[in-house]
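Q: Below is a structure I'd like to ask you about.
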Amino acid sequence: MKLLSKKEVTQKVLYSPAHIARLEADGRFPKRVVLGPSRVGWLESEIDDWIASMVAKRDSSG
């Protein structure tokens with residue numbers, strides 16, 4: 001199990017941290033894991049699954 005930092009997630013999904021936070025608050029993005037008072041991470045497998053679901057959505061709408 002691998003955790004990604006906020007910087008790694010923003011580089012992987014090409015969204016700003018603010019947009020990721022909005023999607024997450026809306027239930028449309030994987031939830032962060034709180035590691036400490038000033039540290040969060042995301043499970044890489046959940047981010048990969050989210051990206052795959054976006055690709056599947058694209059492919060099914062065409």
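Q: Consider Trp50 against the criteria (1) without any contact (Cβ under 8 Å) to a residue 24 or more places away in the chain; (2) at negative phi: it satisfies all of them except one. Which criterion is unmet?
A: (1)
Q: Turning to a different aspect of this structure: Filter the range 34-45 down to the residues that are under 11 Å from the mean Cα position of the chain (by Cα) and more than 13 Å from Glu8 (Cβ to Cβ) and list them by number.
A: Passing the criteria: only Ser45.
Q: Taking the range 7-46 only, how many residues are in contact with a Pro (Cβ under 6 Å, 6 or more places away or on another chain) and touching a residue at least 24 places away in the same chain (Cβ under 8 Å)?
A: Selection size over the range 7-46: 1.
Q: For the range 8-33, what are the residues that are over 10 Å from the mean Cα position of the chain (by Cα) and of a type in the set (Lys, Arg)?
A: Arg22
Q: Now a separate question. Scanning the range 1-14 for residues that are surrounded by 13 or more Cβ atoms within 10 Å (Cβ to Cβ) and among the basic types (Lys, Arg), which turns out nearest to Met54 (Cα to Cα)?
A: So, considering only residues that are surrounded by 13 or more Cβ atoms within 10 Å (Cβ to Cβ) and among the basic types (Lys, Arg), the one nearest to Met54 (Cα to Cα) is Lys12.
Q: Please specify each residue of the range 15-34 satisfying the condition of being aliphatic (A, V, I, L, M) and exposed (fewer than 11 other Cβ atoms within 10 Å of the Cβ).
A: Hits for the range 15-34 are Ala18, Ala25, Val34.
Each value in this text was obtained by applying a stated rule to the coordinates, not by laboratory testing. On a predicted model such as this, the values are computed, not experimentally measured, just so you know. Glycine gets a Cβ as well: all are built from the backbone with ideal geometry, and neighbour counts include every protein chain shown.
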